[in-house]
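Let me begin by presenting the structure, written as structure tokens, before commenting on it.
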Amino acid sequence: YEAGARQALGLESSVEVTLFRQDVQGLIQRDVVSGLFENIAETAFKGVEFTATSTAVRRLRLDLSYTHLTSRDESPGTARKQQQYTPGNSLAVSAVYRLRDDLRLYGAFQRVSEMMYYSRGTPLARRELDPYSLVDLNLHYDLPGRRIALYFGADNLLDSNFEESY
């Protein structure tokens, strides 16, 4: 289920808010103990996302988004409360600047936090992974005819060692 609203702000800018809920049956996820894939009987995701976009400055597009997500493992008999490795908060900012009609510079920043995981053994223990930030940058050039493009970029410029799982 999803419901949202968008509001134009003038100056070629807008904001949006979206509320969502997903009830998932049979979610497939790798079991951290056995390494095998398993079905999680029932999982619920719900949250809110805020986004803002602006092209008020010529040749520049700015995007900002924030998502708050809660997850719940609703499988019968499970000791897990939340879905593992699902960020509770995510903030992203990106910009695309057209240096020329065929040349674009892109930069992005993302901050992820409140991501839970569970121990491999019993008794089951819940812990939180450290928050992390990512910075990406790339240059995109459209060759004449626009059927082929050249791309040069780097992801994770902060060279941060972040955890996503064991």
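The values are calculated or read from the model by the stated rules, or taken from the named source; none is laboratory data. Just so we're clear, the structure is a prediction, and the values are computed from it rather than from any experiment. No Cβ is skipped: glycine too gets one built from the backbone with ideal geometry, and neighbour counts run over all protein chains shown. What goes into the accessible areas is simple: the full protein's heavy atoms, side chains included, and nothing from ligands, DNA or RNA. Shrake-Rupley method; radii C 1.70, N 1.55, O 1.52, S 1.80 Å.
With the structure loaded, tell me whether Y132 is open to solvent by less than 70 Å² (accessible area, probe 1.4 Å) and in contact (Cβ under 8 Å) with a residue 40 or more places away in the chain or whether it fails that test. Working first, answer last.
On the way: open to solvent by less than 70 Å² (accessible area, probe 1.4 Å): yes; in contact (Cβ under 8 Å) with a residue 40 or more places away in the chain: no.
Spelling it out, it is not the case that Y132 is open to solvent by less than 70 Å² (accessible area, probe 1.4 Å) and in contact (Cβ under 8 Å) with a residue 40 or more places away in the chain.
Sort out which residues of the stretch 9-56 are among the aliphatic types (A, V, I, L, M), at pLDDT below 95 and in a strand (DSSP E or B), and write them in order of number. Outline the logic, then answer.
First, pick out the residues of the stretch 9-56 that are among the aliphatic types (A, V, I, L, M): 9, 11, 15, 17, 19, 24, 27-28, 32-33, 36, 40-41, 44, 48, 52, 56.
This time we only want the ones that are at pLDDT below 95, so: 9, 11, 24, 27-28, 32-33, 36, 40-41, 44, 56.
Passing the criteria: L9, V24, L27, I28, I40, A41, A44.
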### Query
Looking at (1) open to solvent by 30 Å² or more (accessible area, probe 1.4 Å); (2) in contact (Cβ under 8 Å) with a residue 24 or more places away in the chain, which is the one condition that is false for G107?
(1)
#### Entry: Unmet requirement for S119, which otherwise passes all of (1) over 21 Å from L157 (Cα atoms); (2) open to solvent by less than 40 Å² (accessible area, probe 1.4 Å); (3) at pLDDT 90 or above
(3)
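Conditions tested, residue by residue: (1) free of Cβ contacts under 8 Å to residues at least 12 places away in the same chain; (2) part of a loop (DSSP other than H, G, I, E, B); (3) not aliphatic (A, V, I, L, M).
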site: R72; (1), (2), (3): no, no, yes
site: P87; (1), (2), (3): no, yes, yes
site: S90; (1), (2), (3): no, no, yes
site: Y97; (1), (2), (3): no, no, yes
site: R127; (1), (2), (3): yes, no, yes
site: L139; (1), (2), (3): no, no, no
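Quick check on my filter: what residues within the stretch 2-23 are surrounded by 11 or more Cβ atoms within 10 Å (Cβ to Cβ), within 23 Å of Y66 (Cβ to Cβ) and not small (G, A, S)? If you could, list the steps in order and put the result at the bottom.
Taking the stretch 2-23 as the starting set, the residues that turn out to be surrounded by 11 or more Cβ atoms within 10 Å (Cβ to Cβ) are 4, 6, 9, 12-23.
Now restrict to residues that are within 23 Å of Y66 (Cβ to Cβ): 4, 6, 9, 12-22.
Matches in the stretch 2-23: R6, L9, E12, V15, E16, V17, T18, L19, F20, R21, Q22.
Going by the conditions given, is R80 over 15 Å from the mean Cα position of the chain (by Cα), part of a loop (DSSP other than H, G, I, E, B) and touching a residue at least 24 places away in the same chain (Cβ under 8 Å)? Break it down into steps so the answer makes sense when it comes.
On the way: over 15 Å from the mean Cα position of the chain (by Cα): yes; part of a loop (DSSP other than H, G, I, E, B): yes; touching a residue at least 24 places away in the same chain (Cβ under 8 Å): yes.
Yes, satisfied.
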### Task
Would you point out the residue of the stretch 41-67, among those that are within 15 Å of Q83 (Cβ to Cβ) and out of contact with any Lys or Arg (no Cβ under 6 Å at 6 or more places or on another chain), that is surrounded by the most Cβ atoms within 10 Å (Cβ to Cβ)?
T43
